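The numbers here are math on the coordinates, done by the rules we state, and not lab data. These numbers come from a predicted model, not from an experiment. When we count neighbours, we look across all protein chains shown, and the Cβ atoms used for this are built from the backbone with ideal geometry, even at glycine.
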Amino acid sequence: MTRVKICGVTNLEDARLAVQAGADALGFIFVENTPRFVTPAQVAPIVRWLPPFVTPVGVFWDHPSGHVKAVAEACGLRALQFHGDEKPEDLAGYALPVIKTLKLPPASTIEGLPEYRLGGLADTLKYRAVASAFLLDTAVRWSEGETREPIEWKRIAMSGVMQTADARVHVILSGGLTPGNVAQAVRIVRPDAVDVNSGVEARPGRKDPDKVRRFVAEAKAA
């Protein structure tokens, strides 16, 4: 069964909603000047409340390792997601599992482009030694609440990104997912997990209960 991460959680009410809906992980964005930025003081009480089987994930963007480690310790995070231009050597030395985001163009820009323009997929080889999983996301920096266009699922499935020469790559699919399209995305890509943020929001930083419940149900049923 596909696991589900609800990202951009900013408050305990939304955390409770996601857990009750069946989410396997919650994402907390520690990136300053973004719509869903949270501080360790906000996140630590939420993480203390979480059941032991729900994973709290911290999202960072080109932050120094000392800062990342301090935030992780203060909050009790159990995984780290890096969304910036971090190099493989920047991600070595963390005691927690590392998720590296690979940014891909939206589906409407793919047609007619050479295959190499899906470039980020090749980066799985560079990061394989330091990343426990790869999150495939759109190259659009952050959503201000509008619906984001999905990345090209069929090209991902055909690219071989799910496999390396020696082992299967753990893939988290993100970018433009909604309750209405997540089942189709799961059937095509067959990722280990899916990740959603703006696709289940009422407004930036606040989740829509119906959308959250529908998203989790659709993802897991697929």
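Laid out as a table, the results:
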item	result
Stokes-Einstein D (µm²/s) once Rh is taken as the Kirkwood radius of region 1-89 over alpha-carbon pairs, at 20 °C in 1.002 mPa s	162 µm²/s
Sites Tyr94 and Arg206 - FRET efficiency at Förster radius 35 Å, r taken between beta-carbons, to 0.05	0.70
Ranked packing of 54-66, 19-31, most packed first, by mean Cβ within 10 Å	19-31, 54-66
Nonlocal amide H pairs with Lys207, under 5 Å, H built at 1.01 Å	Ala202
Whole-Hz couplings from phi, Karplus 6.51/-1.76/1.60, listed for region 127-132; x for Gly and Pro	9, 4, 6, 10, 9, 7
Residues whose placed amide H lies under 5 Å from that of Val9, excluding near-sequence neighbours	Gly27, Ile29
Note, ³J(HN,Hα) from phi for region 73-78, Karplus 6.51, -1.76, 1.60, rounded to Hz, x at Gly and Pro	5, 5, 9, x, 5, 10
In Hz, Karplus ³J(HN,Hα) per residue of region 199-213 (6.51, -1.76, 1.60; θ = phi - 60°; x = Gly, Pro)	x, 10, 9, 7, 7, x, x, 10, 8, 9, x, 5, 5, 4, 5
Cross-link table Lys5/Lys154; Lys69/Lys211; Lys126/Lys220, entries beyond 28 Å C-alpha to C-alpha	Lys69/Lys211; Lys126/Lys220
